[in-house]
1. Computed from the coordinates I sent, Rg and Dmax of the Cα atoms in Å equals one of (1) 20.0, 59; (2) 17.8, 58; (3) 16.7, 56. Tell me the label.
2. Where does region 18-69 land on Rg(C-alpha)/(2.2 N^0.38 Å)?
3. Can you classify region 38-101 as rounded, prolate or oblate using the Cα gyration tensor, where a ≥ b ≥ c are the square roots of its eigenvalues, rounded means a/c under 1.5, and otherwise it's prolate if a/b beats b/c and oblate if not?
4. Show me 55-61, 82-88 ranked by packing, highest mean number of other Cβ atoms within 10 Å first.
5. A 26 angstrom limit on the alpha carbon distance is what I want to check against. Which of Lys69/Lys113; Lys39/Lys64; Lys15/Lys113; Lys64/Lys113 exceed it?
6. Helix-only mean residue ellipticity at 222 nm, the chain, DSSP H runs n ≥ 4 weighted -39,500 (n - 2.57), per residue, nearest 500. What is it?
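Since every read-out is calculated from the coordinates, none of them should be taken as a lab result. As the structure is a computational prediction, the values presented were derived from the model and not from experiment. Don't worry about glycine lacking a Cβ; one is built from the backbone with ideal geometry, like all the others, and counts go over all protein chains shown.
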Amino acid sequence: MLVDDIIREIYNTQKFQFKIGEISEMADVSTRQLRYWEKQGYLKSNERTGEQNARVFSFRMYVKSRLIKKFLDDGFTLSKANEKSTIIIEEMEWIHKFATQSHFNLTEVDGQKAVCIGSLNDDESQKIYGFIDDDGVHYRTKS
């Protein structure tokens, strides 16, 4: 197995599963509330297999429960909190897909660690690099 394949497998959030009590604790939401949200169609537990009795939720549903709670705390209705969380999750999934399907090369540019994000043109004469420092993420091109 190639290193890239191992890294992609590590970031495969589809494999992450949480029992309802774990989601409750991590999201600071009661199990009763989670069951209600599930009943209303805002959350969906995974199919139960074998002798599994407890509800099991995906990483996506964990994130959604955290977002719904945050938006409820901010004063939104449950319906609006669900709508807003769905949009954010779709954006997060796109970013996750981009990151896991891209081949970023960790390198060093001018004495700094950098990630080569790719070429800006077809002849690959200019590359774009990402850097992280105390002020955040920065991008720079280099020939």
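1. Working out Rg and Dmax of the Cα atoms in Å from the coordinates points to (1).
2. Its radius of gyration relative to the 2.2 N^0.38 Å reference: 1.02.
3. Note, shape of region 38-101 comes out oblate.
4. On the way: 55-61: 19.3, 82-88: 16.1.
Descending mean neighbour count gives 55-61, 82-88.
5. With Cα atoms farther than 26 Å apart: Lys69/Lys113; Lys15/Lys113; Lys64/Lys113.
6. -14000 deg cm²/dmol
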